[in-house]
């Protein structure tokens with residue numbers, strides 16, 4: 001980023017940058033829909049809070065890796081997460097750079113979910129070192145501020161997957177973006193996950209970077225996982241449609257109008273011993289089934305894969321449930337339908 005671009009980011013109007021935070025936040029928060037029906041409404045992403053975090057980080061000044069300033073930024077981030085009750089683990093190491101060894105620290109904030117499978121949402125908090133005073137309002141500051149506020153929102157929700165909010169150090173080049181002089185933090189994070197065997201539980205990684213631009217345009221990354229990108233884009237489109245609908249005057253109800261959404265037929269008294277599964281699909285390979293389960297988990301639905309042989313052919317079924325109550329099943333079915341997931345109701349007799 002050039003000096004002119006940095007000054008442009010710093011002079012951005014508060015309302016404009018707040019809107020950028022909100023646009024970026026809805027992509028993640030809408031996708032991470034609450035897993036349980038009937039729970040209290042979770043707090044919404046507050047762009048004013050994110051703005052204040054950004055202001056505090058920028059006031060520290062340039063925050064290159066290994067500096068006293070980035071240690072101040074780390075302290076600020078940890079204090080904010082501690083205040084909301086989110087534990088933070090420091091992943092510290094010394095890395096070799098073109099100017100010598102530099103001390104770096106990733107911050108891993110963990111929000112437990114009903115499953116140990118992990119969704120990582122990350123971004124960097126270091127800034128590039130320039131001959132001029134570069135404070136990284138957009139590049140490094142906006143992502144860190146966003147993640148702090150996002151952690152507050154996700155902490156108050158019941159999440160289907162364990163969520164790691166990851167603050168990466170050393171993502172900027174020490175000199176130039178060539179060879180291995182960049183992405184020190186993310187490469188170290190993956191290397192440690194491989195070493196400890198925890199990479200297997202990491203089902204999706206969403207990277208947030210440079211989301212505070214005055215003229216923010218989030219484009220589809222063609223190098224990213226297609227199904228994961230599809231989910232995020234669909235969630236953003238759905239949110240936009242909901243906002244448009246909320247701002248559109250509603251016509252007066254017709255005397256002959258009727259609901260168009262038909263719920264499943266309630267059970268009779270004889271169905272008291274009936275339980276329910278919602279089957280999302282049956283696949284011939286376990287890999288395809290696990291991929292579908294990961295998609296559902298990312299959308300906030302916990303599911304299981306079960307194996308079944310039919311006429312000599314093995315199928316791997318992906319099911320949500322079981323549900324003891326019809327109402328719970330129907331509510332989950334509706335939420336799945338709203339997320340664009342078709343299901344089949346499977347009834348079974350309770351033992």
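Residue 209 meets all of the listed conditions (1) assigned to a helix (DSSP H, G or I); (2) closer than 19 Å to residue 122 by Cβ but one, namely (1). Condition (residue is assigned by TED's automatic domain parsing to the domain that holds residue 211, within 19 Å of residue 72 (Cα to Cα) and touching a strand residue (DSSP E or B) at 6+ places or on another chain (Cβ under 7 Å)) applied to the stretch 124-133: is it met by at least one residue? The answer is yes; a qualifying residue exists.
Looking at this structure, is residue 292 in contact with a helix residue (DSSP H, G or I) (Cβ under 7 Å, 6 or more places away or on another chain) and either within 29 Å of residue 112 (Cβ to Cβ) or not assigned by TED's automatic domain parsing to the domain that holds residue 163 (or both)? No; evaluated as a whole, the condition is false for this residue. Scan the stretch 147-155 and give yes if some residue there is at pLDDT 95 or above, more than 18 Å from the chain's Cα centre (by Cα) and either within 20 Å of residue 209 (Cβ to Cβ) or not in a loop (DSSP other than H, G, I, E, B) (or both), otherwise no. No, the stretch 147-155 has no match at all. Examine the stretch 98-117 for a residue that is in contact with a helix residue (DSSP H, G or I) (Cβ under 9 Å, 6 or more places away or on another chain), assigned to a loop (DSSP other than H, G, I, E, B) and surrounded by 12 or more Cβ atoms within 10 Å (Cβ to Cβ), and state whether such a residue exists. Taking every residue of the stretch 98-117 in turn, at least one turns out to be in contact with a helix residue (DSSP H, G or I) (Cβ under 9 Å, 6 or more places away or on another chain), assigned to a loop (DSSP other than H, G, I, E, B) and surrounded by 12 or more Cβ atoms within 10 Å (Cβ to Cβ).
Tally the residues that are touching a residue at least 12 places away in the same chain (Cβ under 8 Å) and in a helix (DSSP H, G or I), restricting the search to the stretch 301-332. Result for the stretch 301-332: 6.
Could you say whether any residue in the stretch 333-348 is surrounded by fewer than 16 Cβ atoms within 10 Å (Cβ to Cβ), in a loop (DSSP other than H, G, I, E, B) and in contact with a strand residue (DSSP E or B) (Cβ under 9 Å, 6 or more places away or on another chain)? Yes, some residue in the stretch 333-348 is surrounded by fewer than 16 Cβ atoms within 10 Å (Cβ to Cβ), in a loop (DSSP other than H, G, I, E, B) and in contact with a strand residue (DSSP E or B) (Cβ under 9 Å, 6 or more places away or on another chain).
The values are calculated or read from the model by the stated rules, or taken from the named source; none is laboratory data. Note that the coordinates shown come from a computational prediction; the quantities given were computed from them, not determined experimentally. Glycine also receives a Cβ, built like all others from the backbone with ideal geometry; neighbour counts cover every protein chain displayed.
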